[in-house]
Amino acid sequence: MRLIKTAFSAGIALFFLLGISAHAADIAKIGVVDFLKILETSNAGKSGQTEIKKQADKMKADLEKKAAEIEELKKKIEKDSMVGNKEMREEKEREVQIKYLDFKNLEKKYSSELQKIQSDSLVRIQKEVQTIADEIGKKEGYLLIIEKREAGVFYAPTSVDITDKLIQQYNAKIAQKPGK
């Protein structure tokens, strides 16, 4: 009787162990994506950075030109102050103040425009990356694909990082777009 109980217990334990190991073989696939790496290394990310830098340089050059005009006007006022009358000097100083306020307003406008350009570029890239991540997830059977930075992932083995695969597909998709 004792032998039967032992065999039965062993059979039950073996059944559960095999059942658990068979279930464990069907582990959910999880992928991790580093969005900052995509921004830095993908063709679309590099293109966006180049466009932003180009716009920023153009705005900076315009602001430097306006600042130089203000400085030139200040120097002219100082030079003419010894020769000209008080009314003319005050009028020129008001002109400098107006130009300075215009300069500050333009500086704010450019800053706002640059932030909008950056934001638009980031949102566009995020949407495109999301679409590609969805395609990879469905095609390769991922249960979950999470973003490394925003999801609070402190550690993930490199075997679950699909960033490079996503970048390759993203670059290929961008290359196929007309006009690129």
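Just so it is clear, none of the values below were taken in a lab; they were calculated from the coordinates. Since the model is a prediction, treat every value here as computed from it, not as a measurement. A quick note on method: Cβ atoms are made from the backbone with ideal geometry, for glycine too, and the neighbour counts reach across all protein chains shown.
Would you kindly derive the ³J(HN,Hα) couplings of the range 38-44 from the backbone phi angles with the Karplus curve 6.51 cos²θ - 1.76 cosθ + 1.60 (θ = phi - 60°), listing them in order in whole Hz, with x for Gly and Pro?
5, 4, 7, 10, 6, 4, 5
Evaluated at 37 °C with a viscosity of 0.692 mPa s, what Stokes-Einstein diffusion coefficient in µm²/s does the range 48-180 have when Rh comes from the Kirkwood expression over alpha-carbon pairs?
166 µm²/s
If you build the Cα gyration tensor of the range 99-159 and take the root of 5 times each eigenvalue, what three semi-axes come out, in whole angstrom, biggest first? Present the calculation step by step, with values, prior to reporting the outcome.
Numbers: eigenvalues 326, 42, 7 Å².
Equivalent ellipsoid of the range 99-159: 40, 15, 6 Å, largest first.
Mind listing the long-range amide H neighbours of Lys148? Cut-off is under 5 Å, sequence gap 5 or more, other chains count too, H placed in the peptide plane at 1.01 Å from N.
The answer is Val33, Asp34, Phe35.
Which of the peptides 68-80, 165-177 is most tightly packed, and how do the rest follow, going by the mean number of other Cβ atoms within 10 Å of each residue?
Details: 68-80: 12.7, 165-177: 14.8.
Result, highest mean Cβ count within 10 Å first: 165-177, 68-80.
Taking 0.36 nm per residue of sequence separation and subtracting the Cα-Cα distance, how much length would be gained by fully extending the chain between Ser119 and Lys29, in nm to one decimal?
Details: separation 90, 0.36 × 90 = 32.40 nm, distance 3.19 nm.
Value of the extension gain: 29.2 nm.
Do any trypsin sites (Lys or Arg not before Pro) in the range 94-152 lie in a DSSP loop with no more than 16 other beta carbon atoms within 10 Å, and if so, which? Numbers along the way, then the final one.
Working: sites: Arg94, Lys99, Lys104, Lys108, Lys109, Lys116, Arg124, Lys127, Lys138, Lys139, Lys148, Arg149; in loops: Lys148, Arg149.
Passing both the DSSP loop test and the Cβ count: Arg149.
Using a basic spin-label model with each label point 7 Å from the Cα along Cα→Cβ, how many nm lie between Thr50 and Lys76?
Distance between the two pseudo-spin positions: 4.1 nm.
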